[in-house]
Amino acid sequence: MLYIVGLGLSDETDITVKGLEAVKNSERVYLEAYTSILTVGKEKLEEYYGKEVIVADREMVESDSDSILANADSVNVSFLVVGDPYGATTHTDLVIRARELNIPVQVIHNASIMNAVGACGLQLYNFGQTISIVFFTDTWRPDSFYDRIKENKDIGLHTLCLLDIKVKEQSIENLARGRLIYEPPRYMTVNQAVEQLLEIEENRNEGICTPDSLAIGCARIGTDSQKIVAGPLRELVDVDFGGPLHSLVLIGSRMHPMEADFVRAYAANPATFDELVKQQYKF
């Protein structure tokens, strides 16, 4: 059996009882280590699970899945995913590959940012398409996700923005020279995401992500140190959200009064928040 086990959002204790039983009954245990992170390292997981944990980087998962699936038709193998197993398309690919090899698969779900974002006070069924914001470079400043934000806003829905993670990445020079030298990990902050959105808005000028657009910055959701701050983008760009992981929610054009009441508790500047809500939502 191949078990794909969601670990939740915080630390080693967030695994479900069913997930922990699967891990303890597995001959090999892999930890997917590039789409998200926990607040603890693999050593803490090994201590809590009583099992060795093999870190599976992007190259292993995407290019060497056969090593993960090896003899999983005759022994139990666990593949651990921060959050929920289906939070990234890579894990869907692994399931498809296992099915092709006639390996039984059991998925054990857990909390992810996709549902835990409800902590910000916005109702989950009022969210539209989720988008990803990647790091700009000197030569690559993509803005295709702006159209998805616009589509959500046109029908009044909120947008969850997942922010870029760079783990075990190589510079162009090292990649070209075949040198296995990796750049330090980088995790996009709410501040960087807001700066990029405002730059895109300046170029597109369609009124979707203006300095007065209301949003909610979220950091380390599901942990004891989570931080949630609401306000216009021009305020959020200067808020210190602390360490990773960060995400950003762009509030839709049909925010409900109950949502506004809940979100107000997180406002960086309640007076500013109230004034903009009054202007933009006519409560």
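Annotations for the structure displayed:
- Potential lengthening between Asp154 and Arg264 on full extension [0.36 nm per residue; Cα-Cα distance subtracted]: 37.3 nm
- Computed from the Cβ-Cβ distance with R0 of 35 Å, the FRET efficiency linking Arg254 to Thr13 stands at 0.40.
- Counting only lysines at least 8 places from Lys18 when in the same chain, those with an alpha carbon closer than 29 Å to its own are Lys42, Lys44, Lys51.
- Only helices enter the 222 nm calculation for the chain: every DSSP H run of n ≥ 4 contributes -39,500 (n - 2.57), and dividing by all residues gives -9500 deg cm²/dmol, rounded to 500.
- Most simply put, the stretch 1-147 has about 5% antiparallel DSSP beta bridges, counting only bridges with both residues inside it.
- Residues whose placed amide H lies under 5 Å from that of Asn76, excluding near-sequence neighbours: Glu27
- Under the Debye formula (equal points on every Cα, no solvent term), log10 I(q)/I(0) of the stretch 69-150 at q = 0.27 Å⁻¹: -1.30
- Accessible surface area normalised per residue over the chain is 49 Å², counting heavy atoms of protein chains with a 1.4 Å rolling probe.
- Hits among aspartates and glutamates - C-alpha to C-alpha of Lys282 under 12 Å, sequence gap 8 or more where chains match: Asp274
- The spread of Cα positions in the chain, taken along each principal axis and listed from longest to shortest, comes to 63, 46, 32 Å.
- Here the stretch 205-283 is assigned +1 on the Cβ of each Lys and Arg and -1 on the Cβ of each Asp and Glu. Its dipole about the Cα centre then comes out at about 160 debye.
- Computed magnitude of the charge dipole of the chain (debye, nearest 20; Cβ of K, R +1, Cβ of D, E -1): 360 debye
- Here the 3J(HN,Hα) profile of the stretch 236-251, calculated from phi with Karplus coefficients 6.51, -1.76 and 1.60 at θ = phi - 60°, is 5, 4, 10, 7, 8, 8, x, x, x, 8, 10, 9, 9, 10, 8, 6 Hz, Gly and Pro shown as x.
- Two-site label geometry, Ile96 and Glu62: point separation in nm, points 7 Å out along Cα→Cβ: 1.5 nm
- Placing unit charges on the Cβ atoms only, positive for Lys and Arg and negative for Asp and Glu, gives the stretch 62-171 a dipole magnitude near 320 debye about its Cα centre.
- Accessible area per residue (1.4 Å probe, heavy atoms of protein chains only) ranks Met60, Met114 as Met114, Met60, with the largest value leading.
- Each label was represented as a point 7 Å from its Cα along the Cα-to-Cβ direction; for Thr272 and Val75 these points are 5.7 nm apart.
- Extension gain (nm, one decimal) between Gln280 and Asn25, 0.36 nm per residue minus Cα-Cα: 86.3 nm
The values are calculated or read from the model by the stated rules, or taken from the named source; none is laboratory data. As the structure is a prediction and not an experimental result, all values here were calculated from the model. Here the Cβ is made from the backbone with ideal geometry for all residues, glycine too, and neighbour counts use every protein chain on show. These accessible areas exclude ligands, DNA and RNA; they are computed on the full protein's heavy atoms, side chains included. Shrake-Rupley method; radii C 1.70, N 1.55, O 1.52, S 1.80 Å.
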